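What follows is a set of notes on a single structure, which appears directly below.
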Amino acid sequence: MKKLTRKEEEIMNLFWEHGAMFVKEVLNLYNQPKPHFNTVSTMVRILESNGFLSHKVYGNSHQYHPIISKEEYHKGTLAGVIKSYFNNSYMSAVSALVKEEKISVDELKELINQIEGSNKQ
């Protein structure tokens, strides 16, 4: 899955939060100074061509809607990071987090206990 740019993710977050919208509705959600209509329209069409959005036609207008959920995107992004930076090894990724002190051994044990508990149910 392609990684979104900061601006693309900003637009996708609007779709994930609000659902199907016309470009004008997306633009209305921006604070001042608002980007130009054509800029937002182009970004939305790029997101569609990259498989993140689809549309329904209403006369001369297109109403866009997400076809990938936020959860699917985040899972794909995490998998890409693990593949690219940790040789597709989740164990190496977790080990790096522990070594960098981003997660403590106690937190890791707690996580293992939670997983084991949910597997028993």
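If the convex hull of the alpha-carbon atoms of the range 66-121 is projected onto planes in all directions, what is the mean projected area in square nanometres? The partial results should precede the final answer.
Working: hull surface 21.2 nm².
Across all orientations, the range 66-121 yields a mean hull projection of 5.3 nm².
For F22, which sequence-distant residues (separation of 5 or more, or a different chain) have an amide H within less than 5 Å of its own amide H, given hydrogens modelled in the peptide plane?
Y64
Please give me, ordered by residue number, the GluC sites (Glu not before Pro) of the range 14-116 that lie in loop per DSSP and have at most 15 other Cβ atoms within 10 Å. Don't skip to the end; give the middle numbers.
Numbers: sites: E17, E25, E48, E71, E72, E100, E101, E107, E110, E116; in loops: E100, E101.
Answer by residue number: E100, E101.
Using only alpha carbon positions, build the gyration tensor of the range 6-66, then give the equivalent ellipsoid semi-axes as the square roots of 5 times its eigenvalues, largest first, whole angstrom. Walk me through the numbers on the way to the answer.
Numbers: eigenvalues 53, 35, 24 Å².
Working from the Cα gyration tensor, I get semi-axes of 16, 13, 11 Å.
Quick one: which residues, 5 or more positions from L53 or on another chain, have an amide H under 5 Å from its amide H? H modelled 1.01 Å from N in the peptide plane, none for Pro or chain starts.
Residues meeting the amide H criterion: E48, I67.
For the chain, with the dipole built from +1 on Lys and Arg beta-carbon atoms and -1 on Asp and Glu ones, taken about the Cα centre, which of L27, T39, G59 lies farthest toward the positive end?
G59
Just to verify a number: FRET efficiency for E116 and S95, C-beta to C-beta distance, R0 = 22 Å, to 0.05? Walk me through the numbers on the way to the answer.
Values: r = 20 Å, r/R0 = 0.89.
Here the calculated transfer efficiency is 0.65.
Over all Cα pairs of the chain, how is the pair count split among 10 Å bins, expressed in % and running from 0 up to the last occupied bin?
Result, from short to long distances: 11, 32, 23, 19, 13, 2 percent.
Return the loop-located trypsin sites (Lys or Arg not before Pro) in the range 1-83 (DSSP other than H, G, I, E, B) with at most 13 other Cβ atoms within 10 Å of their own Cβ; answer none if there are none.
K2, K3
Note down the relative contact order for the range 23-71 as a percent, whole number, built from C-alpha pairs under 8 angstrom at least six residues apart. Write down the numbers at each step before the final one.
On the way: 39 pairs, mean separation 14.0, N = 49.
Relative CO of the range 23-71 lands at 29 percent.
What nm value, rounded to one decimal, do you get for the distance between N87 and Q32 when each label is placed 7 Å out toward the C-beta?
5.6 nm
Readers should treat all values here as calculations from the given coordinates under stated rules, not as data from a laboratory. Everything numeric here is computed off the predicted structure, so don't read it as measured data. Cβ coordinates were reconstructed from backbone atoms using ideal geometry, including for glycine residues, and neighbour counts include every protein chain displayed.
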